[in-house]
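Here is the structure we will look at, set down as structure tokens.
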Amino acid sequence: MSRPRWSTLLFVLLLPVVLVAGIWLGGHPTALPGPVRDLLVDDQVAVVAEAMDRVGDDYYRKVSDDDLADAAVGGMVSSLKDRFSAYFDPKEYASYQDATNSQFSGVGLGVQGDDAGLRIATVYDDSPAKKAGLKEGDVIVAANGRSLKGRPEEASTALIKGPAGTEVTLTVKRGDREFEKKMKRARIVVPAVDSRTVKTPDGEVAVISLASFSSGAHGELYAAIQQAEKDGAKGIVFDLRGNPGGLVSEARLVASAFLEDGPIVTTRGRNVPTRTLDATGDPVAPKIPVVVLVDKGSASAAEIVAGALQDRDRATLVGEATYGKGVFQEVTPLRNGGALDITVGRYFTPKGRNLGGGGVARGEGLQPDVKAKDDAKTEADEALNRAVRELRSDLSS
């Protein structure tokens, strides 16, 4: 058996040293000679690394490289001025992942992002939030003392959620007044669909409300529609008020309850293939008259469905202009344990309308065919009553 050559032994011995040196220099390109640095390192990367080195070496107090990296990435995303994009540091991303775990619970709120934090769109009955006196329109500005300003909706809700029985203190702004409410988290079971019948001189109509586009919501909706028709309903008021959205796949299936074929939504992005989602066929309610009830709390997937039904002349929209979120995001984990949650594309209705402002500005949303607004000072639901009247006119025509 021949002995290994000295060149082979030298290579084996030097390889770990070269690798370690390469990794170190990759993180500290300013240590490279100028000509070598210019040849091997991108200028933008070199600038960031140089700034981190200077702060790390010269700032009057010690700042860890991890903290500087978090701040650099966070500042990068913040510069996008996109209210739907954010950076989760490792701790925040861990909380976000925990919050999606079925073992974690909340306080019974439907919320939407707001410049100051989270605006309450829905307070569910018999929930900790309901018992604490929180109301629709309140803005949650902090959770357990941590400000929600500038955080994405997912990161903010993750701070509110936690194991059932644990406490969370919410700082709430109502008008010009700010106050705190402490409550215990609980397992909240909110049916995706609520259905009831309203008698009118033109026959019974069904009022079917959809709380969110969670997994399986379309199945509950189909069952409610079939039961309403079996009970003799002549028309449907489909209530999407306060619906914050959810899964695009559910939006497609929900819209397919009323549409036999054709486009529902198209998605486009710079690095995302253009894709059009069509109705799946075999709708459960292809002909029955429909009025869709919307408000400023109807967002994302709710706007996809309402926009498809409006563009395809399948339903009349009644209510207020919708939220105006015409973009979608992707969460990408990073090697430090954090994650990027950034806008990667936009939604378009069948007629090519985009409902949002690209994340950097408030979108116009969907404009209702018939404007109506509920008056919170009265017990009556004026917007619903207007939707029922509109449906009656469709039934009698």
Residues VAL189, VAL168, VAL193: which one is under 18 Å from LEU118 (Cβ atoms), of a type in the set (A, V, I, L, M, F, W, C) and under 24 Å from the mean Cα position of the chain (by Cα)? VAL168
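Restricted to the stretch 212-239, and to residues that are assigned to a loop (DSSP other than H, G, I, E, B) and closer than 12 Å to GLU250 by Cβ, which residue is modelled with the highest pLDDT? Reasoning before the result, please.
Of the residues in the stretch 212-239, the ones assigned to a loop (DSSP other than H, G, I, E, B) are 212, 214-216, 231-234.
Cutting the leftovers down to closer than 12 Å to GLU250 by Cβ gives us 212, 214-216.
Working: SER212: 87, SER214: 86, SER215: 86, GLY216: 91.
The extreme case among them is GLY216.
Kindly indicate whether PHE258 is under 24 Å from ASP295 (Cα atoms), aromatic (Phe, Trp, Tyr) and assigned to a strand (DSSP E or B).
no
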Out of the residues in the stretch 56-87 that are loosely packed, with under 12 Cβ neighbours inside 10 Å and charged (D, E, K, R), state the one that is nearest to GLY324 (Cα to Cα). LYS81
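Listed residues LEU340, LEU355, LEU317, LEU334; which is outside the structural domain of VAL265 (by TED's automatic domain parsing) and surrounded by 22 or more Cβ atoms within 10 Å (Cβ to Cβ)?
Details: LEU340 fails: surrounded by 22 or more Cβ atoms within 10 Å (Cβ to Cβ); LEU317 fails: outside the structural domain of VAL265 (by TED's automatic domain parsing); LEU334 fails: surrounded by 22 or more Cβ atoms within 10 Å (Cβ to Cβ).
So the residue among LEU340, LEU355, LEU317, LEU334 that is outside the structural domain of VAL265 (by TED's automatic domain parsing) and surrounded by 22 or more Cβ atoms within 10 Å (Cβ to Cβ) is LEU355.
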Consider only pairs whose beta carbons are under 7 Å apart and that are at least six residues apart or on different chains; among these, list those whose first residue lies in the stretch 322-335 and is free of Cβ contacts under 8 Å to residues at least 40 places away in the same chain and whose second residue is surrounded by 14 or more Cβ atoms within 10 Å (Cβ to Cβ) and hydroxyl-bearing (Ser, Thr, Tyr). GLY326/TYR347
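Could you tell me whether VAL141 is assigned to a loop (DSSP other than H, G, I, E, B) and either out of contact with any helix residue (DSSP H, G or I) (no Cβ under 8 Å at 6 or more places or on another chain) or without any contact (Cβ under 8 Å) to a residue 40 or more places away in the chain (or both)?
Values: assigned to a loop (DSSP other than H, G, I, E, B): no; either out of contact with any helix residue (DSSP H, G or I) (no Cβ under 8 Å at 6 or more places or on another chain) or without any contact (Cβ under 8 Å) to a residue 40 or more places away in the chain (or both): yes.
Spelling it out, it is not the case that VAL141 is assigned to a loop (DSSP other than H, G, I, E, B) and either out of contact with any helix residue (DSSP H, G or I) (no Cβ under 8 Å at 6 or more places or on another chain) or without any contact (Cβ under 8 Å) to a residue 40 or more places away in the chain (or both).
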The conditions are (1) assigned to a loop (DSSP other than H, G, I, E, B); (2) of a type outside the set (Val, Ile, Thr); (3) under 19 Å from ARG270 (Cβ atoms), and ARG346 fails exactly one of them. Which is it? (1)
Given (1) touching a strand residue (DSSP E or B) at 6+ places or on another chain (Cβ under 7 Å); (2) over 27 Å from GLY363 (Cβ atoms); (3) outside any strand (DSSP E or B), identify the lone condition not met by VAL73. (2)
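Matching residues to (1) basic (Lys, Arg); (2) at pLDDT below 95:
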| residue | (1), (2) |
| --- | --- |
| ARG252 | yes, no |
| ALA255 | no, no |
| GLY262 | no, no |
| VAL265 | no, no |
| GLY269 | no, yes |
| ALA279 | no, no |
| VAL290 | no, no |
| LEU293 | no, no |
Enumeration of residues in the stretch 145-169 that are more than 18 Å from GLN97 (Cβ to Cβ), at pLDDT 90 or above and not hydrophobic (A, V, I, L, M, F, W, C): GLY145, SER147, GLY165, GLU167, THR169
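The values are calculated or read from the model by the stated rules, or taken from the named source; none is laboratory data. Given the structure is predicted, the values throughout are model-derived calculations rather than measurements. No Cβ is skipped: glycine too gets one built from the backbone with ideal geometry, and neighbour counts run over all protein chains shown.
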